[in-house]
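*Asks:* One structure is given below, represented as structure tokens, and several questions about it will come after.
Read-outs: derived from the displayed coordinates by stated rules, not from any lab. Worth saying up front: this structure is predicted, and the values here are computed from it rather than measured. Here Cβ is always computed from backbone atoms with ideal geometry, including for glycine, and neighbour counts include all displayed protein chains.
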Amino acid sequence: MKWSEFFTSSVGKKFVMGLTGIFLILFLVVHVGINACMWAMDGGEMFNKAAHFMGATVVIRILEVGLFVGFFIHIIQGLVLTFQNRKKRSIGYQVPMGNAGSKWYSRSMGLLGTIVLIFLIIHWKQFWIPSRFTDMSEATYESGVPVHDLFGLMKDTFSQLWVVILYVVACISLAYHLLHGFQSAWRSLGLSNNRYLHLINAVGVGFSIIVPLAFAMMPISMYFDWVQ
Amino acid sequence: MEHYTMNLTLKVWRQKNKKDRGGFETYSVSDISSEMSFLEMFDVLNERLVTEGKDPISFDHDCREGICGMCSMYINGRPHGPWEGTTTCQLHMRAFKDGDTIVVEPWRANAFPVIKDLVVDRSAFDRIIQAGGYISVNTGNAVDANSIPVEKDKADTAFASAACIGCGACVAACKNASALLFVSAKVSHLALLPQGGPERKTRVTAMVAQMDKEGFGSCTATGACEAVCPKEISISNIARLNAEYGVSGLSSDK
């Protein structure tokens, strides 16, 4: 079997979705961990330094390229699969099955993913592009090296209510996307051992609640001035 | 449960042939016994249609005892109707009550084209089996049944997978019209037994390739297939197929 045959088959495509999905889940762990530094209550010093470390370290910049490849494959393949699968039943049912036998979010991965994608584009424009390419205000701490004042940018951005609402909606979509995706990814990679599946299911539910909740609390705590 | 009779309204999909656009027709049936099977209710209606000089409703059926996999009706938004782990022929009219309206549709999937009324062409499943769902055995005397030891747990799991009757309810229920529950049951059944060992790698790749060629969608693990399966085939078979496919595809020499 050729590589191309493997990765273009329906099972191989799911393999890629699962693999990139788990990779992106790992990225979420890093992202939420770094961002949690904003709650250090030190005027954003720890957060700005952590963000500087992520931006200025060559190893992480190289990994970032891998991250973008992961995003790109997951998004494109996900959209292609959604549209291809939709074409497999040209005439629908008069009485749809609805939620009998499956959860709404497991059937809505394309929609939930698209909401996250729209958020992602806005999110990149608000934070990633200013921090990497365009100018933004700097902050200097005792080491004397100026670092981007991303904490200030966050304060500024999250003073607008619509942005906070958008971020919360995106986090809810991400939560449901993960609720199905976390465990489904492992099945796609072939994990069929019941003992591990139970473990993965439990961890998946916890992850899908805790991580998006932590992300959602960031704009909320900024908007209500809970962090200084 | 006490016996009762009921009057029902049926909305049934009628389609003359593959090319006909088709549509729903409404029929009233009266004095239906609660002890009749769903197909017997259709027999009663068809006898009336024949005496009235009309074309009876075509539907698939054979054994009528839930083991052949021929019956295939999508009843009130669910393949094989409201009862769990039940084929259409084993669905009995006590599942309904007087005055109910029942909507009956054929399986809907582009890989299962409608031949007539409620009959769909499921030969795609046959071609998937032909692609690899077998073991090759030399002719000659039958080998002693116990000459190859089989672990009891594996034998039981293989048997549970082999219970798949290939009715296609999984395809009918899946939002992607994916056949992966069927294919995974057939792959698992043989992969779990030593007799399936020699062709294990080629089997899974050949069957998946044929499945894709037939125009089924890909699995997104919603679980609808497992929920409607009359033989209660477990979705864990799909994860097993994924592993079989991964090992086979990635360890391939060519």
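*Asks:* Of A:Ser137, A:Ser159, which residue is surrounded by fewer than 17 Cβ atoms within 10 Å (Cβ to Cβ), out of contact with any strand residue (DSSP E or B) (no Cβ under 7 Å at 6 or more places or on another chain), small (Gly, Ala, Ser) and closer than 17 Å to A:His52 by Cβ?
*Replies:* That would be A:Ser137, the only listed residue that is surrounded by fewer than 17 Cβ atoms within 10 Å (Cβ to Cβ), out of contact with any strand residue (DSSP E or B) (no Cβ under 7 Å at 6 or more places or on another chain), small (Gly, Ala, Ser) and closer than 17 Å to A:His52 by Cβ.
*Asks:* Then there's this: For region B:1-58, what are the residues that are of a type in the set (Val, Ile, Thr) and either closer than 16 Å to B:Asp100 by Cα or free of Cβ contacts under 8 Å to residues at least 12 places away in the same chain (or both)?
*Replies:* Within region B:1-58, B:Thr5, B:Thr9, B:Val12, B:Thr26, B:Val29, B:Ile32, B:Val50, B:Thr51 qualify.
*Asks:* Considering region B:176-206 alone, what residues qualify as being closer than 17 Å to B:Ser236 by Cβ, assigned to a helix (DSSP H, G or I) and among the small types (Gly, Ala, Ser)?
*Replies:* Hits for region B:176-206 are B:Ser184, B:Ala185, B:Ser188, B:Ala191.
*Asks:* Inspect all residues belonging to region B:197-212 and state whether any of them is within 7 Å of chain A (Cβ to nearest Cβ), at positive phi and in contact (Cβ under 8 Å) with a residue 12 or more places away in the chain.
*Replies:* no
*Asks:* Given the structure, is A:Val147 buried (at least 19 other Cβ atoms within 10 Å of the Cβ), assigned to a strand (DSSP E or B) and away from every other protein chain (no Cβ under 14 Å)?
*Replies:* Taking the combined requirement at face value, the residue satisfies it.
*Asks:* Now for a different question. Residues that are more than 28 Å from B:Gly81 (Cβ to Cβ) and surrounded by 13 or more Cβ atoms within 10 Å (Cβ to Cβ): does region B:158-176 have at least one?
*Replies:* Yes, region B:158-176 contains at least one residue that is more than 28 Å from B:Gly81 (Cβ to Cβ) and surrounded by 13 or more Cβ atoms within 10 Å (Cβ to Cβ).
*Asks:* Restricting region B:52-88 to residues that are more than 15 Å from B:Ile165 (Cα to Cα) and β-branched (Val, Ile, Thr), which is nearest to the other protein chains (Cβ to nearest Cβ)?
*Replies:* So, considering only residues that are more than 15 Å from B:Ile165 (Cα to Cα) and β-branched (Val, Ile, Thr), the one nearest to the other protein chains (Cβ to nearest Cβ) is B:Ile75.
*Asks:* Select, from B:Lys11, B:Lys19, the only residue that is among the basic types (Lys, Arg), surrounded by 13 or more Cβ atoms within 10 Å (Cβ to Cβ) and within 24 Å of the chain's Cα centre (by Cα).
*Replies:* Exactly one of B:Lys11, B:Lys19 is among the basic types (Lys, Arg), surrounded by 13 or more Cβ atoms within 10 Å (Cβ to Cβ) and within 24 Å of the chain's Cα centre (by Cα), namely B:Lys11.
*Asks:* May I pose another question? If you take the residues in region A:52-79 that are of a type in the set (Val, Ile, Thr) and free of Cβ contacts under 8 Å to residues at least 12 places away in the same chain, which one is nearest to the other protein chains (Cβ to nearest Cβ)?
*Replies:* Only one residue fits best here, namely A:Ile76.
*Asks:* Here is a further query. I want to confirm something. Restricting to region B:33-72 and keeping residues that are touching a Leu at 6+ places or on another chain (Cβ under 6 Å) and either polar (S, T, N, Q) or in a loop (DSSP other than H, G, I, E, B) (or both), which single residue is surrounded by the fewest Cβ atoms within 10 Å (Cβ to Cβ)?
*Replies:* B:Pro56
*Asks:* When you look at A:Lys155, is it of a type in the set (D, E, K, R), in contact with a helix residue (DSSP H, G or I) (Cβ under 8 Å, 6 or more places away or on another chain) and more than 10 Å from chain B (Cβ to nearest Cβ), yes or no?
*Replies:* yes
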